[in-house]
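Take a look at the structure below.
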Amino acid sequence: MPLLILFFSLWLAGFSTNVFATDITVSLDRSPVSVDESFQIIFTASESPDDDPDFSPLEQDFTVQSQSQNSRMEWINGKSNRIIQWIVTVMANDSGNLIIPKIKFGSDSSPALKIVVSPSSANKTSQNDEDLFLEVSANTEKPFIQSQVLYTVKLYRRVDFAKANLSEPELPDAVIEKLADDANYTTQVSGVTYVVIERKYAIFPQKSGVTTIKPLVLTADTVARGRQNNSFFNSQITQRRIVKSNPITLNVQPIPATFTDSHWLTAENLELTQTWSGDIAQMKVGEPLTRTVKLVANGSTVGQLPELNSSKIDPQLKAYNDQPVLHEDKTLAGIVASREEKIAFIPAKAGNYTLPAIQISWFNTRTQKIELATLPEMSLTVAGAENAPQAQTPTVVEEKHIPPIPLSETGRQEMPVVENEQASLLWKSTAIFSTLGWLITLGFLFFKRKTASKKISEPIESPVEISLKVCVKQLKKACMTDDAQAAKTALLEWGKLQFNEISLGSIAPHCEARLRDEILQLNATLYAKEPQIWKGRELFKTFSENNAREKLAKSKTDALKPLYPI
């Protein structure tokens, strides 16, 4: 039996290891590379893997020059994540399409990755065999107006710097953005090893015609080799060096005559997508539904992206637009721009509605062709509000038939004859007793009805209702003063009372679409990597509208109760 338990424990441990394996990603500091250039392979994990890495498989196609490890903490949505990186500097043994193999981290492993290695630049020679020079290039010299030009600067050196300064590229009528971080590696030029610092820029010419990117200027204080100064304060001898690059001439092309759209947009790739906050097949009158449309363009700036929700729609389909969310990512491959627009639809009337198609014409700089990104026309069917149940008919009490008192021969009603005086006295006493009891009962019922009426007219609030009112007041004050932290505190208290939830992320799904989006936006602002400005008026406006709709729905429900309950 103990042996069986041990076997089961080992099996379970192995099963758990496979299920909860650490996710390890692989990336390069730049691509493509030359066979005579070093580059970095970066392995990244969000938690400690099973064991230390074994980089020996790299030696089949690469020469490992150095390796290092570092870790850092990241905060995302209030949770801390530990990021671990292993950086391996290598040089390819040969050119071609190579594979960076899987690297084992104990029972964990990284995925394989393809890399293109170009042949050696054997014909590249240093300028006059200098130990310091600049090399610049552009990925195209005939770009279209407002399209992206990737401008690459390489600084080659065989000397050490005490300090150095490199000028920025200049081009009249152009938008210029620096991309990502500088890359550092070594390469061979005419059999001589150089240290290279590579920097990239994205340039967007705003005017057609021939124009020139001015030469870059490097001003550096280099350390003279083999020369020492006996002074304690000047242990190194430096020499001021000024190095210039070649100019780059661009012949910027105008907008093609075949492009007839009013908004000119160029990109290397473009995607237009949409999402909905709920089921569009089950829309109802008065209930909101949020549509999110997003445009992502590679090789473009956010200033070039057009509006997405500009078409007119049926006035019975109320539309509420949020401020667009604009974002740019600067990568080594260029700028990736995105525009996201949210619009909440609240139908005021049942029926069929049509949302016009969204069409964006753009010029593909890779294929040199005009393309069309489209979201097709959409038909929405809105159901009416649920029918109110009919009020119940008041209950009618049937009258009991009381037989008439027989008439005498003279036409008068004859009363029962009392047999004797004792029976008459008993009857009178009973009548008086019954009358007094009836009067007492009537007085009690009147007093009870008056007390109940007073209670109904002056309802007593529960402690929860009082606490909710305090939360709303605190939220209003926080939103009016744009205090994001105070708004979070008030919403957390409100969400705990209403839904028994303790985080903004778990409170949001309980709310209607627009309020949910505002709460998630507040959450994103609070935990953004860089400080952001938050405006709270829209959140409180949406919060108030949500509460008003809930009260209206509750009052309608109460109004539908039977008028004469049984």
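The values are calculated or read from the model by the stated rules, or taken from the named source; none is laboratory data. Just so it is clear, the structure is predicted and the values come from calculations on it, not from any experiment. Please note: Cβ atoms are built from the backbone with ideal geometry, for glycine as well, and neighbour counts cover all protein chains shown.
Observations
- Pairs, first among the small types (Gly, Ala, Ser) in region 181-201, second modelled with pLDDT of 90 or more, C-beta under 9 Å, six or more apart: 183/196; 183/197; 183/198; 183/199; 183/200
- Scanning region 453-471 for residues that are within 32 Å of the chain's Cα centre (by Cα), buried (at least 16 other Cβ atoms within 10 Å of the Cβ) and either assigned to a helix (DSSP H, G or I) or at pLDDT 85 or above (or both) turns up at least one hit.
- Qualifying residue in region 21-41 (condition: surrounded by fewer than 13 Cβ atoms within 10 Å (Cβ to Cβ), at pLDDT below 85 and among the small types (Gly, Ala, Ser)): no
- Candidate set: region 155-173, residues that are loosely packed, with under 15 Cβ neighbours inside 10 Å and part of a loop (DSSP other than H, G, I, E, B); chosen: the one farthest from the chain's Cα centre (by Cα): 160
- Looking across 287, 341, 268, one residue alone is among the acidic types (Asp, Glu) and either surrounded by fewer than 17 Cβ atoms within 10 Å (Cβ to Cβ) or over 21 Å from residue 516 (Cβ atoms) (or both). It is 268.
- Region 184-197 - residue that is surrounded by fewer than 20 Cβ atoms within 10 Å (Cβ to Cβ) and touching a Phe, Trp or Tyr at 6+ places or on another chain (Cβ under 9 Å) and, of those, farthest from residue 155 (Cα to Cα): 188
- Under the condition of being more than 12 Å from residue 488 (Cα to Cα) and either of a type in the set (Val, Ile, Thr) or buried (at least 20 other Cβ atoms within 10 Å of the Cβ) (or both), the residues counted in region 518-535 number 1.
- Taking the numbered list (1) closer than 27 Å to residue 201 by Cβ; (2) of a type outside the set (D, E, K, R); (3) modelled with pLDDT under 85 in turn, residue 365 passes all entries but (3).
- Looking only at residues of region 488-529 that are of a type in the set (Asp, Glu) and within 20 Å of residue 288 (Cα to Cα), we find that the one that is farthest from the chain's Cα centre (by Cα) is 512.
- Taken together, 524, 553 contain a single residue that is at pLDDT 80 or above and among the small types (Gly, Ala, Ser), which is 524.
- The set of residues from region 200-216 being of a type in the set (Ser, Thr, Tyr) and assigned to a strand (DSSP E or B) comprises 201, 211, 212.
The rows are residues; the columns are (1) free of Cβ contacts under 8 Å to residues at least 12 places away in the same chain; (2) farther than 30 Å from residue 239 by Cα; (3) within 40 Å of the chain's Cα centre (by Cα).
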| position | (1), (2), (3) |
| --- | --- |
| 149 | no, yes, yes |
| 153 | no, no, yes |
| 175 | no, yes, yes |
| 178 | no, no, yes |
| 203 | no, yes, yes |
| 210 | no, yes, no |
| 220 | no, no, no |
